[in-house]
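The values are calculated or read from the model by the stated rules, or taken from the named source; none is laboratory data. All values reported here derive from a predicted model rather than from experimental measurement. Positions of Cβ are generated from backbone atoms using ideal geometry, with glycine treated the same way; all protein chains shown enter the neighbour counts. Side chains included, ligands, DNA and RNA excluded: accessible areas come from the protein's heavy atoms. Shrake-Rupley method; radii C 1.70, N 1.55, O 1.52, S 1.80 Å.
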Amino acid sequence: MEVLKHPKNPILTKDDVPFKVNSIFNAGAIKFNDEYLLLCRVEMPTGKSAFVKAVSKDGVNFSVDNDLCFKPEDHGDFYPYVKWGIEDVRIVKIDDIYYLTYTGYSEYMPLVVLSETKDFKNFTVKGLITEPSNKDCALFPAKINGKYYKVDRPEAGSRKDIWISESPDLIHWGNYKALASCVPGSWESDKIGGSTPPVKTSEGWLMLYHGVRGFGNSMLYKIGVMLLDANEPWKVIGRTTEPILQPEFDYERIGDVGNVVFTNGWVAEANGEIKIYYSGADSNISLATTTTDYLIGLCK
Ligand code: BMA
């Protein structure tokens with residue numbers, strides 16, 4: 001099965017949100033209590049982002065909560081680092097805790113915040129797990145040889161590479177390694193960043209990432225896949241040379257930021273199917289379906 005965009009796309013727009021927002025997009029995704037749960041970024045009319053929950057029995061038809069569930073003002077002592085918004089959450093479940101990694105945005109510029117929840121109602125902010133400028137962070141959903149791992153995307157001068165690091169406790173990070181870089185002259189020539197949290201497969205860790213190429217004043221965002229070694233995840237086993245998702249329809253081309261497909265959430269089903277929740281033009285939530293086998297095949 002190739003990567004199929006759902007005929008009902010976009011599956012969520014700002015008209016589905018029961019309160020006033022500028023846009024809904026870039027959702028983290030997970031199965032929770034036998035339902036599909038999206039933790040969606042809503043950009044409020046002020047221009048600052050926060051998270052609202054949407055749930056669905058079938059993974060296609062979602063209902064959005066009446067209120068935000070997690071916002072900058074919930075960050076206590078960490079508020080100075082998120083006061084311009086929280087964005088683009090990645091969710092993993094380790095043991096019985098759901099961990100959220102997301103961008104905190106403020107005058108200090110983007111950095112990565114770690115929070116946890118058990119019920120998606122009460123959230124505990126654990127701390128900042130990068131300095132600025134950094135975003136696109138996802139935890140691996142299990143320890144590897146006794147250590148936690150994360151990928152993220154620090155920015156240094158003109159370099160925008162994906163890095164990997166390890167931790168004994170999710171708070172203290174080290175052993176940094178550059179994992180993947182831009183490919184000059186290609187669709188991913190100007191920046192790349194991790195997209196969805198890695199998923200364990202028989203062949204290694206599968207993850208989506210985004211690749212960006214600038215044309216004039218605009219940036220064209222597409223999505224690729226990479227496969228990382230199961231035990232030594234800093235080793236890339238394979239990576240797509242062509243994008244698996246790219247902007248083609250109006251809902252992906254026209255919006256607050258045109259010509260963007262961006263994802264930070266997917267759900268891998270036990271039968272090998274994958275639901276990729278992605279956003280078009282920073283203005284909606286859309287769905288694409290595929291299988292782990294198909295994506296692994298592309299990486300080899
Ligand atoms: C990235 C992030 C995303 C956004 C994307 C496209 O840098 O900030 O939130 O979807 O740009 O505009």
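For this structure, a couple of remarks:
- Qualifying strands (runs of 3 or more DSSP E) (wholly inside the stretch 96-191; at least 1 residues being open to solvent by 60 Å² or more (accessible area, probe 1.4 Å)): 97-105, 123-128, 134-139, 148-156, 162-167, 174-180
- Candidates are the residues of the stretch 211-234 that are under 21 Å from the mean Cα position of the chain (by Cα) and over 17 Å from residue 189 (Cβ atoms); the one that is nearest to the ligand (Cβ to nearest atom) is 225.
- Residue match in the stretch 139-156 (condition: within 16 Å of the ligand (Cβ to nearest atom), of a type outside the set (Gly, Ala, Ser) and within 24 Å of residue 36 (Cβ to Cβ)): yes
- Residue among 128, 139 that alone is under 15 Å from the mean Cα position of the chain (by Cα) and not β-branched (Val, Ile, Thr): 139
- Leading residue by the ranking (nearest to residue 122 (Cα to Cα)) among those in the stretch 26-67 that are within 16 Å of the ligand (Cβ to nearest atom) and open to solvent by 20 Å² or more (accessible area, probe 1.4 Å): 41
- Where residue 233 falls short, out of the listed (1) open to solvent by less than 10 Å² (accessible area, probe 1.4 Å); (2) assigned to a strand (DSSP E or B): (2)
- Meets criteria (within 16 Å of the ligand (Cβ to nearest atom), under 23 Å from residue 27 (Cα atoms) and among the basic types (Lys, Arg)) for residue 118: no
- Any hit, the stretch 177-194, residues being closer than 28 Å to residue 78 by Cβ and hydroxyl-bearing (Ser, Thr, Tyr): no
- Within the stretch 254-287, considering residues that are open to solvent by 10 Å² or more (accessible area, probe 1.4 Å), polar (S, T, N, Q) and touching a residue at least 12 places away in the same chain (Cβ under 8 Å), the one farthest from residue 17 (Cα to Cα): 259
- In this structure, residue 70 qualifies as at pLDDT 95 or above, of a type in the set (Phe, Trp, Tyr), under 22 Å from residue 137 (Cβ atoms) and open to solvent by less than 40 Å² (accessible area, probe 1.4 Å).
- Exclusive hit being at pLDDT 95 or above and touching a Cys at 6+ places or on another chain (Cβ under 7 Å), set 135, 126, 143, 150: 150
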